[in-house]
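Heads up, the thing below is written out as structure tokens.
The values are calculated or read from the model by the stated rules, or taken from the named source; none is laboratory data. Every value quoted in this text rests on a predicted model; they were computed, and no experiment measured them. FYI the Cβ positions are ideal-geometry reconstructions off the backbone, even for glycines, and counts take in every protein chain you see.
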Amino acid sequence: MQEKMGIYIHIPFCGKKCPYCSFYSVAYSKSTVDEYCLNLIKNIEAYGKKYSSKIVDTVYFGGGTPSLIGSDWLSRILSSVTSSFSTALEEVTVEVNPSSGMRLDFDLLKRYGVNRVSVGMQSVNENELKLLGRNHSPDKVQKLIGKIHTAGIDNISLDLMCCIPEQTIASLGKSIDFCNEMGVRHISSYMLKIEEGTPFFANADKLKLPDEDTESEMYLYMCDRLSRYGYLQYEISNFSKPGFESRHNLKYWNCDDYLGLGPAAHSMVDSKRFYFDNDFADFYNDNAIFEAYGGDEEEYAMLRLRLKDGLRDDLYYSRYKKHIPDDYIQRGKKLEKAGLVSVSDNVVSLTTRGFLLSNSVTAKLLWG
């Protein structure tokens, strides 16, 4: 039986760099895009031969700003995937910016397999958008969603940022209400993290950021309000209507195979973790860097604890032919008293409050 694999395709171009973003990207230019996409297709063809035994079931275009390269290149790249690999595509996602996304031909993209679109909205409050360096308006997001729906693509995800400068409970609620009104199936809502090397990091003392107590209040409010609208939290930062969880992103938390293509892209295939450096030439020449062997019992447990349904004994046993270590159960029962973990004989999972302290709670569960 052929094993399934997802493919992540990094499109490292942006019109401008957002002040909070630490992802690898470069300035857009048509000549650089053309050169990049041709080399990307060349590498797709080579990896198709290397992993001919795999069946690709998910493809995810991330960035950067994938919508910047246009419908023709996105379609050509997808065509190279389907011609180079054995495919049984269940989910093909393209990240789009609300501005450049309006120029995409979604009818064409759908014909080539795109059935999910992730829109980088972040907020509907103009003061927050301005501070985040975003150049779109809520009206533009609404028009884009309408255009995507018109093409017959109804699996739409919106990005929503929490705990950003000048944000309040009321303004966060306004953004959540907008998501619900748009009828989207999925929301990726993540708390702002000030990353070293970004303008936000350099000017952190000037930003009007919420304190820790307010951050906690905002996160719990967000989870509760989204739940009331029928968006179920299935991962620390992801919420969806039932059946619309991101199949591609679940591969990361389940230690399933995924191939990452592009500078800064990471992979795990056949238990080997490898990546490309932040360098176009290294990617063009397929100079992938071996990182480590992945998917062992401890790593699997750590990643599964990011999911709402947690570390399940049936899945753990199916994978490793042993039960969840009793140490995890006993440590979990101690943390359960603090409302951070839920424990039974078959499942260990973090609560919503536990997600707020996920790194420390996970460490205590696994290592004491």
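Observations
- Any chance GLU91 is among the acidic types (Asp, Glu), under 28 Å from GLU181 (Cα atoms) and over 22 Å from the mean Cα position of the chain (by Cα): no
- Selection count, segment 311-357, where residues are farther than 30 Å from GLU217 by Cβ and not aromatic (Phe, Trp, Tyr): 17
- Filtered residue count, segment 335-362, keeping only those that are aliphatic (A, V, I, L, M) and more than 22 Å from TYR316 (Cβ to Cβ): 3
- Matching residues in segment 283-319 - criterion: being outside any loop (DSSP other than H, G, I, E, B), charged (D, E, K, R) and touching a strand residue (DSSP E or B) at 6+ places or on another chain (Cβ under 8 Å): GLU291, ARG304, ARG312, ASP313
- Hits in segment 20-36 (condition: part of a loop (DSSP other than H, G, I, E, B) and within 30 Å of PRO165 (Cβ to Cβ)): TYR20, CYS21, SER22, PHE23, TYR24, SER25, TYR28
- Within the set TYR51, TYR112, TYR24, TYR60, the sole residue that is out of contact with any Lys or Arg (no Cβ under 7 Å at 6 or more places or on another chain), aromatic (Phe, Trp, Tyr), under 23 Å from ASN249 (Cα atoms) and without any contact (Cβ under 8 Å) to a residue 40 or more places away in the chain turns out to be TYR112.
- Looking across segment 257-276, just one residue is within 15 Å of ALA292 (Cα to Cα) and in contact with a Pro (Cβ under 8 Å, 6 or more places away or on another chain), and that is PHE276.
- All of TYR36, TYR8 fail the test of being under 18 Å from the mean Cα position of the chain (by Cα) and crowded, with 17+ Cβ neighbours inside 10 Å, apart from TYR8.
- Among residues of segment 84-139, those that are among the aliphatic types (A, V, I, L, M), in contact with a strand residue (DSSP E or B) (Cβ under 7 Å, 6 or more places away or on another chain) and in a loop (DSSP other than H, G, I, E, B), counted: 3
- Segment 321-360, subset in contact (Cβ under 8 Å) with a residue 40 or more places away in the chain, touching a Lys or Arg at 6+ places or on another chain (Cβ under 9 Å) and among the hydrophobic types (A, V, I, L, M, F, W, C), residue surrounded by the most Cβ atoms within 10 Å (Cβ to Cβ): VAL348
- Hits in segment 332-351 (condition: out of contact with any strand residue (DSSP E or B) (no Cβ under 7 Å at 6 or more places or on another chain) and assigned to a helix (DSSP H, G or I)): LYS334
- When the residues of segment 130-167 are filtered to those that are at pLDDT 95 or above and of a type in the set (Ser, Thr, Tyr), the one that is farthest from the chain's Cα centre (by Cα) is THR150.
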